Amino acid sequence: MSCWLWALFLALPVASADGATRPQRERTVSLEFHVPTTVEGCPRPDDVRRAVAARLGYVPFRPQSATVVIAHIKRNGRGLRGFVALRRRDGTLAGQRQLASSTGDCRELAAALELAVSIAIDPLILLRPSPRNQGPTRQKAPHTAPSNNSRPFRHQRDGRPGLGPPRFEFGSGLLVGVGVLPHPNLGLTLHASLDWQRFSLVLQGRADLPASKSIGSGRVEASLYSGSLAPCLKRDPLLLCGVVAFGALRGRGVDLLESAQDTTLFAGVGVRGGVRWHLGRRWVINLQLEPIAALSRTTLRVNQRELWTTPPLSLSIGGTLGCSL
């Protein structure tokens, strides 16, 4: 059974336990809405308040109201579980119900919670015409499972899963490269991304610090400056990306009889796998593994002698700290 139907049938007993005997019009409550940072794609508390107010036709929320509506969402295996309770300020619990979503879609479960909260505030809402200022997706409570075009909360502008307004993330990181330069090296990264619930688009700049390899009495040294574009699929906490990278590879001979310096094009394609951890609402830690296949290979020569050639495959391991807006 869908979350919409669960909200309809399970929220009525919660509401009737406390408010069926009172006049429901213009009833006020305070709302406590909680979602763990590890659950993505959920509305913010203000979004839930606006959605409930749109259903009721007035704003029912007052911080010091005698009745508190508690709603939260948490993970339950591969799915999600929602909880709605009605509590008086003296601590008396008037009623509670749980809702479940086996799909793991927080938008669907949040929409069901919005309906459950609305019914808990005013059980007669389904018997009255919808408010005039309500959008086309709010005109009546659904009696069947929502279609892909339903809009569970206001900032969802696209009916397709995960394609609502994105969040912007920027950050920096450190990496260790193997096979990128003549010797394992350290590197720095800067990134900016647009993040949807299940998809992200990452633009990254990267500077591989100079690394060298001994050649007789001298050495060959190289550094890399590159940029990459990576479309990613996310299933919290995992992500998998395709990577296209371009940059400039600078190489030179040092302390050789005839030193030379050259800059050549670097191009590569690969994949990026990683794990994400959320620290609070804004901060995100990413650990990443990125193998890259070189599309263009560079050979450094001195006196027609080959000193070093770009390997066909390189590997980078690193981490980033990002801030989500």
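Read-outs: derived from the displayed coordinates by stated rules, not from any lab. None of the values given here were measured: they were computed from a predicted structure. For neighbour counting, all protein chains shown are included, and Cβ atoms are generated from backbone atoms with ideal geometry for every residue, glycine included.
Using the Cβ atoms and a cut-off under 12 Å, what net charge is assigned to the surroundings of Pro210, where Lys and Arg are +1 and Asp and Glu are -1?
Every neighbour counted, the sum reads +2.
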Q. For the range 167-324, what is the charge dipole size about the Cα centre, in debye to the nearest 20, if Lys and Arg each add +1 at the Cβ and Asp and Glu each add -1 at the Cβ?
A. 440 debye
(Q) I'd like the distance separating the alpha-carbon centroids of the range 45-79 and the range 274-317, in whole Å. (A) 46 Å
Q) In sequence order, what are the phi-derived ³J(HN,Hα) couplings for the range 203-208 according to the Karplus relation 6.51 cos²θ - 1.76 cosθ + 1.60 with θ = phi - 60°, rounded to whole Hz, with x for glycine and proline? A) 10, 10, x, 9, 10, 8
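Report the equivalent ellipsoid semi-axes for the range 167-324 in whole Å, largest first, defined as the square roots of five times the eigenvalues of the gyration tensor built from alpha carbon atoms.
After diagonalising the Cα gyration tensor, the semi-axes are 34, 14, 12 Å.
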Q | Neighbour net charge for Trp283 - beta-carbon separation under 14 angstrom, K R +1, D E -1 | A | +2
Q. Put a dot 7 Å past each Cα toward the Cβ at Val275 and Leu188; how far apart are the dots in nm?
A. 2.8 nm
